[in-house]
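The values are calculated or read from the model by the stated rules, or taken from the named source; none is laboratory data. Given the structure is predicted, the values throughout are model-derived calculations rather than measurements. Heads up, the Cβs are rebuilt from the backbone with ideal geometry, glycines too, and the neighbour counts pull from every protein chain shown. Just so you know, the surface numbers come from the protein's heavy atoms only, side chains and all, with ligands and any DNA or RNA stripped out. Shrake-Rupley method; radii C 1.70, N 1.55, O 1.52, S 1.80 Å.
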Amino acid sequence: DAQRAETHNRGRLETGRAYCRVNHTKRMRKLSQKLRVCFNKTMTDSSHLPGYEELYDEFKAQGVDRIVCLSVNDAFVMFQWGKQLGAKNVFLLPDGNGEFTRKMGMLVEKQNLGFGMRSWRYSMYVENGEIKKMFAEPGFEDNVDQDPFEVSDVQTMLDYLKSR
């Protein structure tokens, strides 16, 4: 897990070219959080997506141009989820077939919960297409019963940005 994150910390975001095209400026600094399932307790908890919405100005003060929430879900689910949460500052980006997530090495099977293929939870800071920091939850594994939420939370990312 730490090894996977360390590899991504030093690597370029080559597999996510379509994702990077969301960026319309050359010097964009992005924050991405990767979610497993949109409408569950953890995702709607204030320490996750609503937390990024709430602390948007603090992220802007740290030089973040855009916060992107990428999820292995279709555009319709992402739209409805953003509408329900009143998301205004976080860009919700669907990874409908999980292609980006698979190329990131973060696609896991969640058939044991009836979800199918989903993303392992992580957050990452991307600057000019390069992953500068990635916080991947521990215990990466298919069909795991646990749902860790220890390091991909909003406060961990904000603390990291403030410490640079």
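At a Förster radius of 22 Å, what calculated FRET efficiency corresponds to the Cβ-Cβ distance of ASN128 and TYR56, to the nearest 0.05? The computed FRET efficiency comes out at 0.55. The GluC sites (Glu not before Pro) of region 60-164 include none that meets both conditions, a loop assignment by DSSP and at most 10 other Cβ atoms within 10 Å of the site Cβ. The distance separating the Cα centre of region 90-164 from that of region 46-76 comes to 13 Å.
Fully extending the segment from ASN97 to ALA75 would add 6.8 nm, taking 0.36 nm per residue of separation and subtracting the current Cα-Cα distance. Counting only residues at least eight positions apart within a chain, or on another chain, the aspartates and glutamates with an alpha carbon under 14 Å from that of LYS83 are GLU53.
Accessible surface area normalised per residue over region 98-144 is 37 Å², counting heavy atoms of protein chains with a 1.4 Å rolling probe.
In this simple spin-label approximation, ASP159 and GLU141 carry label points 7 Å from Cα along the Cα→Cβ vector, and these lie 2.6 nm apart.
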